[in-house]
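> First the structure, which I've put down as structure tokens, then a few questions once you've had a look.
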Amino acid sequence: MHMCFADYLMPFCYGDEASVSVLMQAISMFSKCSGLIQNVSKSCIFFSSVNDHTERAILQHSGFSGGSFL
């Protein structure tokens with residue numbers, strides 16, 4: 001027997017507003033097609049080598065919180 005669960009998604013993109021916008025559009029399209037929606041309170045974005053201004057803009061655009069590896 002094989003069981004597969006898709007409870008978690010870990011998409012990656014460039015750390016710029018345009019790339020995050022495309023990613024958010026893809027998440028929206030996935031939600032419309034599947035009937036599933038992301039739980040914003042359980043979702044976060046991890047950043048690497050992104051300046052503070054861009055990070056704040058991405059968080060505001062996405063509605064997600066910033067994650068920490070610590």
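The values are calculated or read from the model by the stated rules, or taken from the named source; none is laboratory data. None of these values were measured; they are calculated from a predicted model. Here Cβ is always computed from backbone atoms with ideal geometry, including for glycine, and neighbour counts include all displayed protein chains. Just so you know, the surface numbers come from the protein's heavy atoms only, side chains and all, with ligands and any DNA or RNA stripped out. Shrake-Rupley method; radii C 1.70, N 1.55, O 1.52, S 1.80 Å.
> Please name all residue pairs, on different chains or six or more residues apart, with Cβ atoms under 8 Å, provided the first residue is in the stretch 6-26 and is free of Cβ contacts under 8 Å to residues at least 60 places away in the same chain and under 19 Å from Arg56 (Cα atoms) and the second residue is surrounded by 10 or more Cβ atoms within 10 Å (Cβ to Cβ) and of a type in the set (Ser, Thr, Tyr).
Cys13/Ser19; Gly15/Thr54; Asp16/Thr54; Glu17/Thr54; Val20/Ser62; Met24/Ser62
> Mind checking whether some residue in the stretch 27-36 is open to solvent by 80 Å² or more (accessible area, probe 1.4 Å), in a helix (DSSP H, G or I) and in contact with an Asp or Glu (Cβ under 9 Å, 6 or more places away or on another chain)? Can you show your working first?
Start the filter on the stretch 27-36 by keeping residues that are open to solvent by 80 Å² or more (accessible area, probe 1.4 Å), which leaves 29-30, 32-33, 36.
Filter again for in a helix (DSSP H, G or I), leaving 29-30, 32-33.
Then drop every residue that is not in contact with an Asp or Glu (Cβ under 9 Å, 6 or more places away or on another chain), which leaves none.
Scanning the stretch 27-36 turns up no residue that is open to solvent by 80 Å² or more (accessible area, probe 1.4 Å), in a helix (DSSP H, G or I) and in contact with an Asp or Glu (Cβ under 9 Å, 6 or more places away or on another chain).
> Look at Tyr8 and say whether it is hydroxyl-bearing (Ser, Thr, Tyr), at pLDDT below 90, in a loop (DSSP other than H, G, I, E, B) and loosely packed, with under 13 Cβ neighbours inside 10 Å. Walk me through it before giving the result.
On the way: hydroxyl-bearing (Ser, Thr, Tyr): yes; at pLDDT below 90: yes; in a loop (DSSP other than H, G, I, E, B): yes; loosely packed, with under 13 Cβ neighbours inside 10 Å: yes.
Yes; evaluated as a whole, the condition is true for this residue.
> Looking at the stretch 58-68 only, could you name the residues that are part of a helix (DSSP H, G or I), surrounded by 14 or more Cβ atoms within 10 Å (Cβ to Cβ) and without any contact (Cβ under 8 Å) to a residue 40 or more places away in the chain?
Initially, the stretch 58-68 is screened for residues part of a helix (DSSP H, G or I), giving 58-62.
This time we only want the ones that are surrounded by 14 or more Cβ atoms within 10 Å (Cβ to Cβ), so: 58-59, 62.
Leu59, the sole residue that qualifies.
Listed here are the residues, each with its yes/no results for (1) hydroxyl-bearing (Ser, Thr, Tyr); (2) at pLDDT 90 or above; (3) open to solvent by 100 Å² or more (accessible area, probe 1.4 Å); (4) not in a loop (DSSP other than H, G, I, E, B).
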site	(1), (2), (3), (4)
Cys4	no, no, yes, no
Cys13	no, yes, no, no
Phe47	no, yes, no, no
Val50	no, yes, no, no
Arg56	no, yes, yes, yes
